[in-house]
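Structure first, then comments.
The values are calculated or read from the model by the stated rules, or taken from the named source; none is laboratory data. Only a predicted model underlies this, so the values are computations on that prediction, with no experimental measurement involved. Here the Cβ positions follow ideal geometry from the backbone for every residue, glycine too, while neighbour counts run over all protein chains shown. We work out accessible area using only protein heavy atoms, side chains counted, and drop any ligands, DNA or RNA first. Shrake-Rupley method; radii C 1.70, N 1.55, O 1.52, S 1.80 Å.
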Amino acid sequence: MRALTSVAALCLLAASASAAAQGAAAEVTLTRMECGTSGDPTEVNQRFSDIFAYPGLKLQFVYSCYLIKHGADYMVWDTGFNEKAGPRAPKAKLVDQLAQVNVKPEQVKFVGISHYHGDHIGQAGSFPQATLLIGKGDWDGLNAPKPPPGIDPSSFAHWISGGGKVESVPTDKDVFGDGSVVMIATPGHTPGHHSLLVKLAETGPVILSGDFVHFRENYETVGAPWFNFDRAQTLASIDRVKKLEANLKGKVIIQHDARDVSKLPAFPAAAK
Ligand SMILES: [Zn+2]
């Protein structure tokens with residue numbers, strides 16, 4: 001009996017020690033960067049609403065990408081355009097922006113990709129040592145004998161050839177295993193599209209959109225652009241994020257919407 005009791009006590013001790021280790025939660029910060037050059041404001045009624053909901057509305061689109069620091073680890077979320085993108089090419093490379101905040105490319109443990117479009121994947125190849133996290137539907141498309149129209153897998157050549165670690169994500173993915181940074185399945189824009197939930201201590205939960213919507217009006221009035229992969233999935237994903245945002249008392253940041261991106265501190269400052 002005494003032996004049993006002391007075993008039980010030991011188990012309790014072990015449990016509380018591991019709880020204490022987990023209790024010292026890793027600090028999480030979020031830094032926004034520019035990974036493409038904006039053009040003139042875009043007339044959104046034609047291409048970005050399949051019900052012509054926004055006559056006359058012109059919006060400033062931007063190309064944002066993000067650095068997430070989790071304790072001593074780093075993750076990059078989306079990698080924008082690369083230097084081959086003509087007038088939309090970034091003014092400064094992602095690796096040069098990271099250098100300004102003293103992060104070397106080899107320190108980036110994860111590259112998370114919202115979806116396989118060229119304005120989100122262009123600089124992925126700068127992080128060959130990172131584990132690539134990408135939705136299964138998109139990863140399958142990139143690896144298909146004939147990728148979907150307009151999709152260029154070359155940014156992922158290193159991983160497609162088997163040279164790097166990749167995890168294709170069928171549903172949600174808790175990146176660091178503590179619930180603080182979670183890829184949220186939001187398909188519709190593309191088959192394997194994801195958004196990213198980042199729980200910040202001071203700012204509160206932030207949901208980086210990817211392109212589940214492109215601008216605030218499409219989020220608020222549940223709109224879909226013509227070119228999305230699946231309209232019904234698009235609407236379901238908007239519904240999911242709205243409920244997630246309400247339940248977590250979070251804040252959605254729409255990555256292409258200049259009005260939304262400016263809610264986060266300007267580079268090199270980080271949201272905490
Ligand atoms: Zn897109």
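Remarks
- Selection status of Asp178, away from the ligand (no atom under 16 Å from the Cβ), at pLDDT 95 or above, under 13 Å from the mean Cα position of the chain (by Cα) and surrounded by fewer than 18 Cβ atoms within 10 Å (Cβ to Cβ): no
- For beta carbons closer than 7 Å, sequence separation of 6+ or different chains, a first residue in segment 219-238 that is within 10 Å of Thr190 (Cα to Cα) and free of Cβ contacts under 8 Å to residues at least 60 places away in the same chain and a second that is crowded, with 17+ Cβ neighbours inside 10 Å and among the hydrophobic types (A, V, I, L, M, F, W, C), the qualifying pairs are Thr234/Ala224.
- Breaking point among (1) open to solvent by less than 10 Å² (accessible area, probe 1.4 Å); (2) over 17 Å from the mean Cα position of the chain (by Cα); (3) not small (Gly, Ala, Ser), for Lys165: (1)
- Within segment 96-125, the residues that satisfy the criterion of being surrounded by fewer than 24 Cβ atoms within 10 Å (Cβ to Cβ) and part of a helix (DSSP H, G or I) are Asp96, Gln97, Leu98, Ala99, Gln100, Pro105, Glu106, Gln107, Gly118, Asp119, Gly125.
- Residue in segment 209-228 that is open to solvent by 40 Å² or more (accessible area, probe 1.4 Å), under 23 Å from Ile134 (Cα atoms) and under 18 Å from the mean Cα position of the chain (by Cα) present: no
- Qualifying position, being modelled with pLDDT under 95 and either open to solvent by 50 Å² or more (accessible area, probe 1.4 Å) or not in a loop (DSSP other than H, G, I, E, B) (or both), among Pro128, Pro149: Pro149
- In this structure, Thr79 does satisfy being part of a loop (DSSP other than H, G, I, E, B), crowded, with 22+ Cβ neighbours inside 10 Å and at pLDDT 95 or above.
Yes/no per residue for (1) among the hydrophobic types (A, V, I, L, M, F, W, C); (2) out of contact with any helix residue (DSSP H, G or I) (no Cβ under 9 Å at 6 or more places or on another chain); (3) open to solvent by less than 60 Å² (accessible area, probe 1.4 Å); (4) over 29 Å from Trp139 (Cα atoms):
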| site | (1), (2), (3), (4) |
| --- | --- |
| Leu197 | yes, no, yes, no |
| Asp239 | no, yes, no, no |
| Val261 | yes, yes, yes, no |
| Pro268 | no, no, no, yes |
